[in-house]
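Trainee: If you scroll down you'll find the structure; I have some questions about it.
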Amino acid sequence: MTLGNTGSAERGERKTNGEVMSASMSLEAQYCAHNYHPLPVVLTRGEGVFVWDENGKKYLDMMSAYSAVSHGHAHPRLVAVVREQVATLTIVSRAFYTDKLGPFLELACKLTGQDMAMPMNTGAEAVETAIKAARKWAYTVKGVADNQAEIICCSGNFHGRTIAAVAMSDEAQYQEGFGPFPPGFRIVDYGNIEALRAAINVNTAAFIVEPIQGEGGIVVPPEGYLSAAADLCREHNVLLICDEIQTGLGRTGKFLASDHDGVVPDGLILGKALGGGIMPVSMFLARREVMEVFTPGDHGSTFGGNPLGAAIGLEALNIIVEDDLAARSAEMGDYLLQQLRDIDSPLISDIRGKGLFIGVEIDPSLTSARSICEALMSRGLLSKETHETVVRLAPPLVINKAEIDWAVQQISAVIATMEKVQLAS
Ligand SMILES: *Cc1c(COP(=O)(O)O)cnc(C)c1O
């Protein structure tokens, strides 16, 4: 058992909220900004669907870094590509061509039905890229008057943490203390096609939407919403841009969540799993007419499209296709959803999702999603609450049936125990 080079278990201290802090936790809590509320576990190693903590305890990862680790931890094919590429060429910037970027973007475009892509690193940067593309397209192609372009987004959305991304949000905490915000965003009710119709006007450049809302609490809109939105956008010469940073790349049981509706959007944002669980790789993809609004000097990123990220991204896409991770997600997701629905408890008010992208809604009058995640953690299952009431279940797509069975046993046991505590109080 190793506990780092300076501390020991005895260095652990008790926090006021009852969480035991190990030396690593204390150090992180002292020097790292408190913009997250992590579960009290220090992870040191990962392989496939499992991670291990500093005491050697093994956990099933049902969180997979908000879907960034869809391939599982340390996928052997990805590790091999990293080893090869890291010793060959890593960063040169887009001041030069490389042998790696073209093949990566070609495959990404072919798999998504898009014409061109702009490589970025994090999801939020790719969202910014989409916003800039939509606005410039509105002025140069659609003919919107200068500085009048509007982008429609949805209630409950999550598009990242940059100033523009939080300007699009209706979540008070995302904005509080960070204003002023750029104008030009209009929020409509998610899932309500009439609200979208009413919000479109001559200045509307784009409608940016998550086909299933992730951070919003795994919210699945009504059947046919996305295809109706696509029709409406086409009718009014408005770009439909899907933010599939979290829902894309097999997560919901299709290669893209928009495939469930047979929709090919005018613009598409990918990230998270695109980096194979190894490093941030994102991109904005679009029809040629949209991407061609960018000219040299308009927009860029020092690291975006670097050969290391491109090599990883290419292999990440190849694995998703060759191992048919989307089909696996559909099959395992249905299985998990079925097992979860068999748990009969007043603590659970809703279970929803598609593929291995599942939210279990907890009745907040009875317990919190956080307490459930903490109890699951002590049983060796890692997940994280979203929006206080939802337990997110989004394991690596390589998870198998036996692992799901084990996870469901832990979840049932935790729910049963909590139910007893509730009934006793
Ligand atoms: C995670 C996420 C983002 C932001 O990605 P980062 O890599 O954290 O910047 C944007 N949109 C959606 C839908 C996301 O899930």
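The values are calculated or read from the model by the stated rules, or taken from the named source; none is laboratory data. Predicted model only: the values in this text are computed from it and were never measured. Using ideal geometry, Cβ is built from the backbone for each residue, glycine included, and neighbour counts are taken over all protein chains shown. Heavy atoms of the whole protein, side chains included, go into the accessibility calculation; ligands, DNA and RNA do not. Shrake-Rupley method; radii C 1.70, N 1.55, O 1.52, S 1.80 Å.
Trainee: Please verify whether Thr90 is among the β-branched types (Val, Ile, Thr), touching a strand residue (DSSP E or B) at 6+ places or on another chain (Cβ under 6 Å) and either more than 16 Å from the ligand (Cβ to nearest atom) or in a helix (DSSP H, G or I) (or both), treating the condition exactly as stated.
Mentor: Spelling it out, it is not the case that Thr90 is among the β-branched types (Val, Ile, Thr), touching a strand residue (DSSP E or B) at 6+ places or on another chain (Cβ under 6 Å) and either more than 16 Å from the ligand (Cβ to nearest atom) or in a helix (DSSP H, G or I) (or both).
Trainee: OK, next. Only one of Pro119, Pro76, Pro103 is touching a strand residue (DSSP E or B) at 6+ places or on another chain (Cβ under 6 Å) and either closer than 23 Å to Arg287 by Cβ or open to solvent by 10 Å² or more (accessible area, probe 1.4 Å) (or both). Can you tell me which?
Mentor: From the options Pro119, Pro76, Pro103, the qualifying one is Pro119.
Trainee: Suppose we keep only residues that are part of a helix (DSSP H, G or I) and at pLDDT 95 or above within region 163-173. Which one would you say is nearest to the ligand (Cβ to nearest atom)?
Mentor: Step by step, filter region 163-173, then rank; the result is Ala165.
Trainee: Would you mind finding the one in Pro364, Pro346, Pro396 that is outside any helix (DSSP H, G or I) and within 25 Å of Leu256 (Cα to Cα)?
Mentor: The unique qualifying residue is Pro396.
Trainee: Let me ask something additional. If you check Phe185 against the conditions, is it open to solvent by 20 Å² or more (accessible area, probe 1.4 Å), under 24 Å from Thr140 (Cβ atoms) and either in contact with an Asp or Glu (Cβ under 8 Å, 6 or more places away or on another chain) or more than 16 Å from the ligand (Cβ to nearest atom) (or both)?
Mentor: yes
Trainee: Can you find a residue in region 312-333 that is in contact with a Cys (Cβ under 8 Å, 6 or more places away or on another chain) and open to solvent by less than 50 Å² (accessible area, probe 1.4 Å)?
Mentor: Taking every residue of region 312-333 in turn, none turns out to be in contact with a Cys (Cβ under 8 Å, 6 or more places away or on another chain) and open to solvent by less than 50 Å² (accessible area, probe 1.4 Å).
Trainee: Follow-up. Which members of region 131-155 meet the condition of being of a type in the set (A, V, I, L, M, F, W, C) and surrounded by fewer than 17 Cβ atoms within 10 Å (Cβ to Cβ)?
Mentor: Val141, Ala145
Trainee: Next up: Could you check region 188-219 and list, in sequence order, the residues that are in contact with a helix residue (DSSP H, G or I) (Cβ under 9 Å, 6 or more places away or on another chain), within 14 Å of the ligand (Cβ to nearest atom), open to solvent by 20 Å² or more (accessible area, probe 1.4 Å) and in contact (Cβ under 8 Å) with a residue 40 or more places away in the chain?
Mentor: Correct list: Glu215 only.
Trainee: If we keep just the residues of region 273-332 that are part of a strand (DSSP E or B) and within 18 Å of Gln246 (Cβ to Cβ), which is farthest from the ligand (Cβ to nearest atom)?
Mentor: Filtering region 273-332 for residues that are part of a strand (DSSP E or B) and within 18 Å of Gln246 (Cβ to Cβ), the one farthest from the ligand (Cβ to nearest atom) comes out as Leu285.
Trainee: Considering Ala402, Ala394, Ala413, which residue is over 25 Å from Ala330 (Cα atoms) and among the hydrophobic types (A, V, I, L, M, F, W, C)?
Mentor: Details: Ala402 fails: over 25 Å from Ala330 (Cα atoms); Ala394 fails: over 25 Å from Ala330 (Cα atoms).
Only one candidate passes the filter, namely Ala413.
Trainee: Would you point out which residue out of Lys384, Lys401 is touching a residue at least 24 places away in the same chain (Cβ under 8 Å) and open to solvent by less than 50 Å² (accessible area, probe 1.4 Å)?
Mentor: So the residue among Lys384, Lys401 that is touching a residue at least 24 places away in the same chain (Cβ under 8 Å) and open to solvent by less than 50 Å² (accessible area, probe 1.4 Å) is Lys384.
Trainee: Name the pairs whose Cβ atoms lie under 6 Å apart, with the first residue in region 253-274 and on the phi > 0 side of the Ramachandran plot, the second away from the ligand (no atom under 16 Å from the Cβ) and open to solvent by 10 Å² or more (accessible area, probe 1.4 Å), and 6 or more positions between them or separate chains?
Mentor: Short answer, once both residue conditions are applied: Gly253/Ala330.
Trainee: Scan region 349-361 for residues that are under 22 Å from Arg251 (Cβ atoms) and part of a strand (DSSP E or B) and report the count.
Mentor: At the first step, the residues of region 349-361 found to be under 22 Å from Arg251 (Cβ atoms) are 350-361.
Adding the requirement that they be part of a strand (DSSP E or B) leaves 350-353, 358-361.
The qualifying residues number 8.
Trainee: Look at region 235-261 and say how many of its residues are outside any loop (DSSP other than H, G, I, E, B) and more than 11 Å from the ligand (Cβ to nearest atom).
Mentor: 8
Trainee: Tell me which residues, restricted to region 193-219, are of a type in the set (Asp, Glu) and not in a helix (DSSP H, G or I). First the steps, then the outcome.
Mentor: Start the filter on region 193-219 by keeping residues that are of a type in the set (Asp, Glu), which leaves 194, 210, 215.
The answer is Glu210, Glu215.
Trainee: Looking only at region 327-337, filter to residues that are touching a Leu at 6+ places or on another chain (Cβ under 8 Å) and not charged (D, E, K, R); which one of those is nearest to Leu256 (Cα to Cα)? Steps first, answer last, please.
Mentor: Residues of region 327-337 that are touching a Leu at 6+ places or on another chain (Cβ under 8 Å), as a first pass: 328-329, 332-333, 336.
Next, from what is left, pick out any that are not charged (D, E, K, R): 329, 332-333, 336.
Numbers: Ser329: 12, Met332: 17, Gly333: 15, Leu336: 20 Å.
My answer is Ser329.
Trainee: I would also like to ask the following. For region 126-157, how many residues meet the condition of being among the charged types (D, E, K, R) and either within 16 Å of the ligand (Cβ to nearest atom) or in contact with a helix residue (DSSP H, G or I) (Cβ under 6 Å, 6 or more places away or on another chain) (or both)?
Mentor: We begin by selecting, within region 126-157, every residue among the charged types (D, E, K, R); these are 128, 132, 135-136, 142, 146, 150.
Going one step further and asking which of them are either within 16 Å of the ligand (Cβ to nearest atom) or in contact with a helix residue (DSSP H, G or I) (Cβ under 6 Å, 6 or more places away or on another chain) (or both), we end up with 128, 132.
So the count comes out to 2.
Trainee: If you don't mind, another one. Would you say Val264 is surrounded by fewer than 21 Cβ atoms within 10 Å (Cβ to Cβ) and within 15 Å of the ligand (Cβ to nearest atom)?
Mentor: no
Trainee: Spot the failing condition for Pro222; the list is (1) open to solvent by 20 Å² or more (accessible area, probe 1.4 Å); (2) within 16 Å of the ligand (Cβ to nearest atom); (3) not in a strand (DSSP E or B), and only one is missed.
Mentor: It is condition (2) that Pro222 fails.
Trainee: If you scan region 125-144, which residues turn out to be assigned to a helix (DSSP H, G or I) and closer than 13 Å to Asn237 by Cβ?
Mentor: Ala134, Trp137, Ala138, Val141, Lys142
Trainee: Residues Gly160, Gly177: which one is assigned to a loop (DSSP other than H, G, I, E, B) and in contact with an Asp or Glu (Cβ under 9 Å, 6 or more places away or on another chain)? Before the answer, list the steps.
Mentor: Numbers: Gly177 fails: in contact with an Asp or Glu (Cβ under 9 Å, 6 or more places away or on another chain).
Gly160 is the lone residue from the list that is assigned to a loop (DSSP other than H, G, I, E, B) and in contact with an Asp or Glu (Cβ under 9 Å, 6 or more places away or on another chain).
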